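For reference, the structure discussed in these notes is given below.
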Amino acid sequence: MAQVVAVPDNPVAALQLPPGFSMRVFAKLNPGGSDFFRGPRFMTFSPAGDLYLSLGRDNKVVMLPDRNHDGVADDIVTVADHLNAPQGLAFIGSNLYVANQDGVVELLPDGIKHIISNLPSGGHTLKTVKQGPDGFIYVSVGSSCNVCDEEDPLRASILRYTMEGKPAGALTTYGRHAPNPIWASGLRNSQDYVWHPVTGEMYASNEGADMRSDRKGAAALDDLPPEHLNVIKAGANYGWPHCWGDHVNDPNFPAGVDSSNDFCASMQAPVMTFPAHSTPIGLVFLDKTSFPSEYRSDMLVALHGSWNRAQPSGYKIVRVHFVQDRPVAVSDFVTGWLSAAGAWGRPVGLAVSPQDGAVYVSDDRAGLVYRIEYKGGSK
């Protein structure tokens, strides 16, 4: 991980955006510093237009109202505490669903209702919850390890459930076989996923393994393996722990005792890659933003940043360019959290305001939520 350095007195002055865009601090919360899983994580907007935010290891969900619409939160209102490492948030109708590390709960006026329980925790323990266009609930479950054969089949996957919390995976089961919630597998840690506004395809970020090399027994390399942006297909396997990138077989953890590449040849390859260990987390399509038209077919991705590279990667937000509804290129959108001295911030989650089309960014290291809007030129 890049050395933790002090947050600048004026954080947004240290950040660079494309011409015409402006950024401000929307809210200040407790910073996570060098702690994993602490500080601001994922966000969602309520039907009333208020921003809700999870605080990970602080075990809270808060609301950040902006009643006078000046682009700065008026308060930090605790909505729920004593949760269990919450991350993912989703309003389904008027009800707020929260992904704890061990399951999904619905927040009620007089308590919580358990929707999905007994999910595996530990390792990549934070979960995400969203409702898909098909009306089902999707939950991500990260791996328990860096590279291993999991004993629990629910690990390293994206799961699908009915609104009642019943398994509704890709494989239809009959008779004595218990219903299976697995929608896609071989995903080391897919912390966020969104649906394309035109094609309806499900896109997910995914973090590759650490400490890998291109030869058996060789020293680990900074630039292996690449991080992934995947189109998630029902029943597909995305290669972890044996494969990465475009069907590459890990020479130090090959698929099959004979080091056969047959398994890797059949894995679902990514549609786009990012630098190794840059840790892609938050995703958002820009179709509902107030950004210029040339941005609104594209996606932003929050690269949280590396922890084990000699030369740090990530610590920025990138734009994935789409042409005819397919991703074709990546360019920087917000930079400046990382310098030669270290990194003072780590972007995590992304959300678009349904009221004015601004983009909100959470930063768990600095303990900040930012607001990005477009102010210059034509749209």
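Relative contact order for segment 28-179: 13 percent, from Cα pairs under 8 Å spaced at least 6 residues apart, divided by residue count.
With Cα atoms as the point set, the radius of gyration and Dmax of segment 328-379 evaluate to 13.2, 38 Å. Among the trypsin sites (Lys or Arg not before Pro) in segment 206-290, those located in a DSSP loop and surrounded by at most 10 other Cβ atoms within 10 Å of their own Cβ are ARG215. Modelled spin-label separation between ARG326 and SER22, with each label point placed 7 Å from Cα along the Cα-to-Cβ direction: 4.0 nm.
For the cross-link pairs LYS60/LYS375; LYS166/LYS216; LYS28/LYS130; LYS166/LYS316; LYS233/LYS375; LYS233/LYS288, the ones whose C-alpha atoms lie over 32 Å apart are LYS60/LYS375; LYS166/LYS216; LYS166/LYS316; LYS233/LYS375. Rounded to whole Å, the principal axis extents of the Cα atoms in segment 192-290 read 50, 28, 15, largest first.
The H on the amide N of LYS316, modeled in the peptide plane, is under 5 Å from the matching H of LEU303, each at least 5 residues off or on a different chain.
Phi angles of segment 75-80 translate, via the Karplus equation with coefficients 6.51, -1.76, 1.60 and θ = phi - 60°, into HN-Hα couplings of 8, 10, 9, 6, 8, 7 Hz per residue; Gly and Pro are given as x. Three principal axis extents describe the C-alpha atoms of segment 1-129; from largest down they are 45, 38, 24 Å. If you sort the three axes of the alpha carbon gyration tensor as a ≥ b ≥ c, you get a/c of 1.5 or more for segment 243-310 and a/b no higher than b/c, which makes it oblate.
A simple charge model with +1 on the Cβ of Lys and Arg, -1 on the Cβ of Asp and Glu and nothing else charged puts the dipole of the chain at about 180 debye relative to its Cα centre. Coupling constants for segment 183-196 follow from the phi torsions by the Karplus curve (6.51 cos²θ - 1.76 cosθ + 1.60, θ = phi - 60°), and in residue order they are 9, 8, 10, x, 10, 4, 6, 9, 7, 9, 7, 9, 10, 5 Hz; glycine and proline get x.
For segment 4-106, trypsin sites (Lys or Arg not before Pro) meeting the loop criterion (DSSP other than H, G, I, E, B) and having at most 13 other Cβ atoms within 10 Å: ARG67.
Segment 123-160 and segment 27-91 have their alpha-carbon centroids 22 Å apart.
Taking amide hydrogens as placed 1.01 Å from N in the peptide plane, the amide H of ASP102 sits under 5 Å from that of no residue at least 5 positions away in sequence or on another chain.
Considering only C-alpha atoms, what is the centroid distance from segment 323-379 to segment 175-221, in Å? Spelled out, the Cα-based centre of one part sits 23 Å from the other. Remark on ILE232: its backbone amide H falls under 5 Å from those of MET202, TYR203, ALA204, a criterion applied only to residues 5 or more positions apart or on other chains, H modelled at 1.01 Å from N.
Normalised by the number of residues in the chain, the mean separation of alpha-carbon contacts (under 8 Å, six or more apart) gives a relative contact order of 17 percent. Based on the Stokes-Einstein relation at 37 °C and a viscosity of 0.692 mPa s, and on the Kirkwood radius from alpha carbon pairs, segment 58-145 is assigned a translational diffusion coefficient of 234 µm²/s. The largest-to-smallest principal axis extents of the Cα set in segment 160-239 are 48, 37, 17 Å.
Where a number appears in this text, it was derived from the coordinates with a stated rule and is not lab data. Nothing here was measured: the structure is a model prediction, and the numbers come from that model. No Cβ is skipped: glycine too gets one built from the backbone with ideal geometry, and neighbour counts run over all protein chains shown.
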